[in-house]
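Here's the structure, in structure tokens; my notes come after.
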Amino acid sequence: MYFFTSMHGKGWAVTVGSSSARVGIVEDHALVAFGLMRLLETDDIESVIAPTVPDLLARGESLDLTILDLRLSDGSSVTDNVRELDKAGIPVLVLTSAENAELVREAARANVLGIVRKSLPETEIRDAVIHALAGRPVTSLEWASALDSDPLLPDAGLTPREQEILALYASGETAKSVARLTGLSTQVVANYVGRIRAKYAEVGRPAASRVDLYRRALEDHLIEEAG
């Protein structure tokens, strides 16, 4: 069942179905938006479509994830859109045609779960959305290439020991298992993790959560994405 909602003259929005997962789709090309909505419908995912981030947030919907197009007709920036969604507590997955390298780099610097190309097979796009709904970062060639070519991604200056501990911790090891593997005490490992978080925060790459640490380790090529 589909519900069409007027956005007070500012655009359009759609909600489809009802399920345990609710996803916002910010896309101003209706054909793309409805195609994505139909794709997610096969996994019983409820979709809310809006042409801009303000339109989506104005609805006051409780969402588990927002799929965001990089280039929107309202002229908004990727950074501002991600910041507003982050303030609302909604994780972001970027879906893009990837024709603008600078926009992709800007998205890679933002607090997003991943960057996915629109031209990927439908099954890969759907898998990426489901992966992001679980709160896990979604790595891709576009994201990796953007990070590799981004001169604005600052080095946190981790020591070799800090890199080793981050790689283990971000790979899913507990503090206790990291201590066993490195021959350190759990308290020393905890101190290392605290210093790692502080170093990333100092260069504007926050790592407050375990997911953040995972993302930083991926960005700095200390680990590879879990299969």
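The values are calculated or read from the model by the stated rules, or taken from the named source; none is laboratory data. If you're wondering where the values come from, they're calculated on a predicted model, not measured in any experiment. With ideal geometry, Cβ positions are generated from the backbone for all residues, glycine too; neighbour counts draw on all protein chains shown. The area values use the complete protein model at the heavy-atom level, side chains included, leaving out ligands, DNA and RNA. Shrake-Rupley method; radii C 1.70, N 1.55, O 1.52, S 1.80 Å.
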Exercise. Give me the aspartates and glutamates in straight-line cross-link reach of K199: C-alpha distance below 16 Å, same-chain residues under 8 apart excluded.
Key: D155, E162, E164, D212, E219, D220
Quiz item: What number comes out for the charge environment of V82, summing +1 per Lys or Arg and -1 per Asp or Glu over other residues with Cβ under 13 Å away?
Solution: -2
Practice problem: Classify segment 68-142 as rounded, prolate or oblate, taking a ≥ b ≥ c as the square roots of the eigenvalues of its Cα gyration tensor: rounded when a/c is under 1.5, otherwise prolate if a/b is larger than b/c and oblate if not. | Solution: oblate
Quiz item: Distance in nm between label sites at R59 and E102, each 7 Å beyond Cα in the beta-carbon direction?
Solution: 3.2 nm
Quiz prompt | Packing rank of 59-68, 105-114, where each peptide gets the mean count of other beta carbons within 10 Å, highest leading | solution = 105-114, 59-68
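Based on the Cβ-Cβ distance of E124 and A208, what FRET efficiency does E = 1/(1 + (r/R0)^6) give at R0 = 35 Å, to the nearest 0.05? Provide the component values of the computation, followed by the final result.
Details: r = 30 Å, r/R0 = 0.85.
According to the calculation, E is roughly 0.75.
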Quiz prompt | Inter-probe distance in nm under a simple model that places probes 7 Å from Cα toward Cβ, at T186 and L39 | solution = 4.3 nm
Practice problem: Quick one: accessible surface of K199, probe radius 1.4 Å, all protein chains present, in square angstrom to the nearest 10. | Solution: 50 Å²
